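S.K.: I'd like to ask some things about the structure below.
The values are calculated or read from the model by the stated rules, or taken from the named source; none is laboratory data. Since this is a predicted model, take the numbers as computed values, not measurements. Areas reflect the complete protein model, heavy atoms only, side chains present, ligands, DNA and RNA absent. Shrake-Rupley method; radii C 1.70, N 1.55, O 1.52, S 1.80 Å.
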Amino acid sequence: MLTFLLIAQIIIAVTLGLSTLLQVRGGGLGGIFGQSDTVFRTKRGIEKSLFQLTIALVIMFVLVSIWVLLII
């Protein structure tokens, strides 16, 4: 059981890292060169789904981590 939870924790951690890296950053280095950051954008489509997936992965990671801690 512990081995299964540790493998699941590794898979969730890698997936969480990838989903975080795939998210689009707004602005970037544009603020350095005078570009305004006052444009408001809402998340739509795949961007919104990826954001929600990231939140779900964080919750799963925390729950699995607590579960592993309770078993040890």
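S.K.: Could you calculate the contour length gain from LEU6 to THR42, that is, 0.36 nm times the residue separation minus the distance between their Cα atoms, to one decimal place in nm?
M.R.: Full extension from LEU6 to THR42 adds 9.3 nm.
S.K.: Leaving ligands and nucleic acids out of the surface, order MET1, MET60 by accessible area at 1.4 Å, largest first.
M.R.: Sorted by accessible area, descending: MET1, MET60.
S.K.: Per 0.36 nm of contour for each residue apart, how much would the distance between ILE55 and THR20 grow if the chain were fully extended, relative to their Cα-Cα spacing?
M.R.: Stretched out fully, the ILE55 to THR20 stretch lengthens by 11.6 nm.
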